[in-house]
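Before we start, here is the structure in question, set down as structure tokens.
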Amino acid sequence: MGYSQCNLGCLPRTPCAEVTFPYSFGKPPSYGDIPAPATAAELLHRIEEIEATVWRLMSTEWQELVDHHYGPLRRTYGFFEANTLLASREAGRFGVKKPGSGLTAFS
């Protein structure tokens, strides 16, 4: 739960150049309008929204989600995007190399 809180806190601070949500209406695209949860109840609500959106994503057409559930879809996509950016930044601090670093399993 702590890592989710960290990701949701970083979401509004995601640099515009790093936002890849394909249906963004902002120019440049940004998650700056999505507030970080301020209370435990808001955090729980956001996590439940992510769970529900992932479930809908598996059972609904993408375009229907964009048309009828745009806000939750964008927040969920942003959550995973912030997670990826945060993990890749922090991995470098621990010496984890990026893919394609010259390691070969089969020589």
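For the chain, what is the per residue volume of the convex hull drawn over the alpha-carbon atoms, in cubic angstrom? Could the numbers behind the result be given before it?
Working: hull volume 16.4 nm³, N = 107.
Given the Cα convex hull of the chain, per-residue volume reads 153 Å³.
Where does the chain land at 222 nm, in deg cm²/dmol rounded to the nearest 500, when only DSSP H runs of n ≥ 4 count, each adding -39500 (n - 2.57), divided by all residues? Before the final figure, lay out each step's value.
Values: 4 runs with 60 residues, N = 107.
-18500 deg cm²/dmol, from helical runs alone.
Here is a further query. What residue among G95, G32, G78 shows peak mean-square fluctuation when the chain is described by a Gaussian network model with Cα springs under 10 Å?
G95
Additional query: Treat each spin label as a single point 7 Å out from the Cα along the C-beta direction, and report the M58 to F94 distance in nm.
Roughly 2.6 nm, to one decimal.
Please compute the length gained on full extension between Y70 and L44, using 0.36 nm multiplied by the number of residues separating them and subtracting their Cα-Cα distance.
Roughly 7.4 nm would be gained on extension.
What full-extension length gain, to one decimal in nm, is calculated for C6 and Y23 as 0.36 nm per residue of separation minus the Cα-Cα distance?
3.7 nm
No value in this document is a laboratory result; all are computed from the given coordinates. Every value quoted in this text rests on a predicted model; they were computed, and no experiment measured them. All Cβ positions, even for glycine, are placed from backbone atoms using ideal geometry, and neighbour counts span all protein chains on display.
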